[in-house]
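Accompanying notes for the structure given below.
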Amino acid sequence: MKKIILVSVLSALMVACGDTDSTKTGSAKDIVGQAVEATKEVVKESTEKVAQAGTTGSIDKKAAVAEAKMIAKAFGGALKSELKAALKSGGPVNGLSVCNKQAAPIAKQLAKEKNALISRVSLKNRNPLNVPNDWQKAVLEDFDMRAAKGEDVAKMGFAEVVEHEGKKQIRFMKALPVVDVCLKCHGANIAEDVTAKLAELYPEDKAVGYQKGQVRGAVVVIKDLN
Ligand code: HEC
């Protein structure tokens, strides 16, 4: 059941982002709207499952983790579809401009709809706004250590519930592995035109020289629980 819904989430995203033969790219609002609608069902389902399973305290945490996971997935999926569509229609330099312009509005729109903070962070960040804070840095370092020991980055995640300014808060991070397509803009042999555009947009870029299988960074979802 869950799998079927996830497939429909992804296809909704692909269609929303022009991953069919059209070259049109949807607005952040359209993309996120469809992603959120589709993920809602999955969240509801996982929440119900958790409710059957445990005591009150852990229900809250498990349900919150399930929701945070889905938000991270929706964000990652929306970005990936945008990137795919952009690469298809205009190559990496075009993809760069799309990442540059779309990542923040997609995060913002989804954050508004889900009442959460959503961001991407990296120990070697490209955008100066994507520097991790202390706890995020510790989690990223842990992801790197686990990757070095051979753990699959695609499956790495972190979740904790903390008291923050008098409120319970869920903190969730999902590791983002370097796969082939990432190397065009984050690898060791980047095309000249891409390098030139990167230098123009991100003079302090640290996000190059990566190899397949490494941790590129993580999606972060933070949400107050009460
Ligand atoms: C077409 C070029 C391009 C490709 C391909 C690409 N990225 Fe990026 N990436 C960027 C740009 C540009 C930014 C900065 C976005 C911004 O300003 O917020 C970025 C930022 C990021 C960030 C946020 C942290 C930071 O460094 O600022 C993460 C995480 C990330 N990319 C992961 C990936 C992963 C994983 C892949 C492969 C699935 C990938 N990227 C493929 C261009 C690309």
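Every number in this text was worked out from the coordinates using simple rules, so none of it is lab data. This structure is a prediction, so every number in the text was calculated from the model and none was measured. Methodologically, a virtual Cβ is constructed for each residue, glycine included, from the backbone with ideal geometry; neighbour enumeration extends over all protein chains shown.
In whole Hz and in residue order, list the ³J(HN,Hα) couplings for the range 108-124 that follow from phi through the Karplus curve 6.51 cos²θ - 1.76 cosθ + 1.60, θ = phi - 60°; x for Gly and Pro.
Coupling constants for the range 108-124: 5, 5, 5, 4, 5, 5, 9, 6, 9, 9, 10, 8, 10, 9, 7, 6, 10 Hz.
What is the local net charge at residue 67, summed over the other residues whose Cβ is closer than 9 Å to its Cβ (Lys, Arg +1; Asp, Glu -1)?
Values: positive: 69, 114, 223; negative: none.
Within the 9 Å Cβ shell, the charges total +3.
Calculate, in nm to one decimal, what residue 104 and residue 160 gain on full extension: separation in residues at 0.36 nm each, minus their alpha carbon distance.
Values: separation 56, 0.36 × 56 = 20.16 nm, distance 2.46 nm.
Result: 17.7 nm gained on full extension.
So, with +1 on the Cβ of K and R and -1 on the Cβ of D and E, and no other charges, what is the size of the charge dipole of the range 94-226 about its Cα centre, to the nearest 20 debye? Spell out each step's value before the answer.
Numbers: 21 positive and 17 negative charges, 69 e Å.
Magnitude of the dipole: close to 340 debye.
Kindly provide the trypsin sites (Lys or Arg not before Pro) of the range 134-188 that DSSP labels as loop, not H, G, I, E or B, and whose Cβ sees at most 12 other Cβ atoms within 10 Å. Intermediate results must be reported in sequence, preceding the final value.
Details: sites: 137, 146, 149, 155, 167, 168, 171, 174, 184; in loops: 149.
Answer by residue number: 149.
Quick one: which residues, 5 or more positions from residue 120 or on another chain, have an amide H under 5 Å from its amide H? H modelled 1.01 Å from N in the peptide plane, none for Pro or chain starts.
Those lying under 5 Å, H to H, from residue 120 are 220.
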